[in-house]
Every structure is written in structure tokens, then in C-alpha cells.
Amino acid sequence: MTLMKNLYISDLDGTLLQDDATLSDYARKHLQEMLDAGLPFTVASARSVIFIKSLLAGLKFKLPIIEFNGAFISDLATGHHHFVNSINPELVEQIHQLTEEHEQKAFISAFDGERDRVYYNDMINDGMKWYLNDRQQARDERLSPIDDLADSFDKQIVCLTIIGRGHRLEALAEAIDHDFGKKVQLNYMENFYSPGWYWLTVHDQRATKAQAIRRLKKLYQLEDHQLVVFGDNLNDIPMFEIADRAYAVENCVEGMQKYATGFIGSNQDDAVVRFIEQDWTKTTD
């Protein structure tokens with residue numbers, strides 16, 4: 001029996017993970033069995049490698065992961081970044097100024113050459129406080145309080161995360177898109193774990209899941225593999241657009257349906273792992 005040459009890539013939250021942001025015992029066991037048997041699989045997430053490592057603890061990945069929506073391609077075990085798609089420092093300064101003009105504050109995610117950082121100062125709303133508390137409870141070593149966010153602009157900044165109410169962030173997103181739309185990638189979504197609070201993330205225009213996947217396939221000589229992806233949210237659209245097959249989970253957000261080539265069960269039912277178990281063992285002529 002010859003295994004099909006497929007490369008499987010899954011989003012995490014709402015897709016591979018269950019609603020409580022955990023990997024079920026079933027999914028963990030069966031995914032590791034397939035990885036041990038040579039399954040070409042990795043994840044592409046908006047989360048950081050530090051958090052992904054805790055979520056997928058014990059799983060042994062041969063391929064690097066895609067984090068921060070494509071800003072980093074990183075080794076899961078060590079956290080080493082193979083690629084960093086950072087934002088131009090001048091652009092960071094301009095977007096920061098525009099953010100302040102809209103009376104918003106950003107968490108600034110960066111790589112300082114040695115370790116990952118999340119710089120922050122004023123917590124101006126409960127959505128920001130939720131994020132900080134969540135990261136503190138997880139003992140996130142990236143957290144780096146700073147008196148003036150501008151003092152971080154000489155680092156390799158990969159993401160500005162602005163958290164607020166929908167109408168406020170929509171206005172800011174429109175302003176950033178108007179002034180810098182061709183230079184950045186914007187993602188806007190409600191925080192699944194803190195309803196009512198929305199996140200606007202700003203990345204370099206090269207930092208998409210699609211572009212990171214292309215680079216990963218070239219780096220690991222997987223260009224002859226069929227790309228099979230799984231997702232649930234709008235930041236998964238870029239990788240849906242380049243995939244040979246793109247599967248939306250049953251619980252996907254409105255708007256994903258038109259980009260999917262197929263549909264599977266919900267994240268709560270371990271639909272991704274169950275699908276791969278069936279799909280990977282198909283034979284070819």
C-alpha cells in the first residue's frame with residue numbers, strides 16, 4: 001500500500017483544539033501515532049510558539065510550526081525561529097501614532113534577537129486586562145512591561161495587537177488600511193474566550209499563513225505534496241486559497257464556506273484528526 005503524498009496543516013483554536021483550548025486525549029493519542037508513522041503534519045496559528053508548545057506538549061513534530069499567522073516559522077521543541085517576518089520600524093511608529101490618535105493601546109510582540117517579547121504598558125479596558133491576566137496565569141515569559149512603547153521599536157516587531165470594542169477597532173482598522181493597507185496584513189475578530197472584546201492584529205504584509213506555508217514546503221522539499229488544510233476563521237482564508245483541498249469545520253464563522261472545498265465535523269468532535277486518519281491511509285493507483 002502506497003500512502004498519498006499529502007501535507008496536512010491545521011489551524012488550532014476552534015479547529016484542532018476543543019472549545020476550552022485543549023487537545024482531547026483521543027486527538028493527542030491518534031495524532032502522535034500518525035506522526036510516529038511519518039505523517040506530514042503541522043499547525044498554522046495566530047498564537048505564539050510558547051503557547052502552542054504548552055497546548056501540544058508531548059507531541060513530536062518533525063516539521064516546524066507556523067505562528068503569529070505567518071510572522072514566524074519556528075521549531076516547536078526549541079522555539080527557534082527559522083524565519084522572522086518583521087514590520088519595518090518606521091511603519092511600526094506610524095501605526096502606533098495612529099493607534100494613539102484613536103485612543104487605543106497595543107500589545108507589541110517582538111523578537112529581540114535572543115527571546116520573544118510582548119511589550120505593554122497601560123491597560124485601558126477589560127479586554128486588555130483579560131489578555132494580560134491570561135498570559136500571567138500561563139506564566140508567559142514574553143511579558144515585558146515598558147514605560148514607553150516606542151522604546152521597543154528597535155526590535156524585530158512582528159505584531160501589534162489592539163484589543164477593544166468592535167466599533168472603536170473597526171474605525172482604527174479602516175484608518176490603518178487606508179494609510180498602510182498595501183504594507184500590512186490586518187486581522188479582525190472577536191475573542192472566542194472573552195466575548196464582546198475584539199482583537200485587531202497588524203502584521204507585515206509578508207506574514208500570512210499562505211506565504212509561510214509556501215516557504216515551509218520549499219524548505220522541506222514538500223512542493224510535490226498535495227496541500228490539505230483545516231480552519232474555522234477568517235485568518236485561515238489565505239491558506240484556504242492556496243490549498244489543493246481546504247476543509248472548514250462545522251463550527252466555522254460565517255464567510256468561510258465560500259473558500260472551503262469541503263466540510264467536516266466540529267472541533268468538539270476531533271473532526272480534524274478523525275478526517276486525517278481516514279484520508280491519509282487512502283491508496284493510490
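Within segment 45-173, antiparallel bridges make up roughly 85 percent of the DSSP beta bridges whose residues both belong there.
For the options ASN235, ASN88, ASN133, a Gaussian network treatment of the chain with springs between C-alpha atoms closer than 10 Å singles out ASN133 as fluctuating the most.
Summing charges over neighbours of LEU16, with a neighbour being any other residue whose Cβ is under 11 Å away from its Cβ, gives -3 when K and R count +1 and D and E count -1. Within the shell of other residues whose beta carbon sits under 14 angstrom from the beta carbon of SER86, the net charge comes to -3, with Lys and Arg scored +1 and Asp and Glu -1. So with the 1.4 Å probe, I'd like the accessible area per residue for segment 42-132, rounded to whole Å². Result: 42 Å² of accessible area for each residue. Put simply, the amide H of VAL43, placed in the peptide plane, has neighbours under 5 Å in SER10, ILE66, leaving out anything fewer than 5 places away on its chain. Reported to the nearest whole Å, the Cα centre-to-centre distance from segment 251-285 to segment 190-238 is 16. With contacts taken as Cα pairs under 8 Å and at least 6 residues apart, the chain reaches a relative contact order of 23 percent. Using the Cβ atoms and a cut-off under 12 Å, what net charge is assigned to the surroundings of ASP269, where Lys and Arg are +1 and Asp and Glu are -1? Within the 12 Å Cβ shell, the charges total -2.
Given that just one value was derived from the coordinates, which of (1) 53, 42, 35; (2) 61, 38, 36; (3) 90, 55, 37 is Cα extents along the principal axes in Å? Here the calculated entry is (2). Nearest 10 degrees, 0 to 90: what angle lies between the long axis of helix 126-137 and the longest principal axis of the chain (Cα atoms)? Helix 126-137 sits at roughly 60 degrees to that axis. Averaging the sequence gap over all C-alpha pairs within less than 8 Å and six or more residues apart, then dividing by the number of residues, gives segment 125-212 a relative contact order of 30 percent.
Dividing the helix sum by the residues of the chain, where each DSSP H run of 4 or more adds -39500 (n - 2.57), gives a mean residue ellipticity at 222 nm of -9000 deg cm²/dmol. Axis of helix 25-36 versus longest Cα principal axis of the chain: the two differ by about 70°, to the nearest ten degrees. Straight-distance candidates among the aspartates and glutamates for linking to LYS62, with alpha-carbon spacing under 14 Å and chain neighbours fewer than 8 residues away dropped: GLU33, ASP36, ASP75.
Between THR201, THR22, THR78, the residue with the greatest mean-square fluctuation in the GNM of the chain (Cα pairs under 10 Å linked by springs) is THR78.
Checked against a 22 Å cut-off, the cross-linked pairs LYS183/LYS209; LYS29/LYS60; LYS105/LYS129; LYS182/LYS218 give Cα-Cα distances beyond that limit for LYS182/LYS218. Summary value for segment 7-135: 14 percent relative contact order, contacts being C-alpha pairs under 8 angstrom separated by 6+ residues. Pick from VAL229, VAL253, VAL272: which is most flexible by mean-square fluctuation in a GNM of the chain where alpha carbon atoms under 10 Å apart are linked? Result for the chain, Cα springs under 10 Å: VAL253 fluctuates most.
Note that segment 1-79, at 20 °C in a medium of 1.002 mPa s, gets a Stokes-Einstein diffusion coefficient of 166 µm²/s from its Kirkwood radius over C-alpha pairs. Amide H contacts for LEU7 (H built 1.01 Å from N in the peptide plane; partners 5 or more residues away or on another chain; cut-off under 5 Å): GLN226, LEU227, VAL228.
The values are calculated or read from the model by the stated rules, or taken from the named source; none is laboratory data. Just so you know, these numbers come straight off a predicted model, no measurement behind them. Glycine gets a Cβ as well: all are built from the backbone with ideal geometry, and neighbour counts include every protein chain shown. These accessible areas exclude ligands, DNA and RNA; they are computed on the full protein's heavy atoms, side chains included. Shrake-Rupley method; radii C 1.70, N 1.55, O 1.52, S 1.80 Å.
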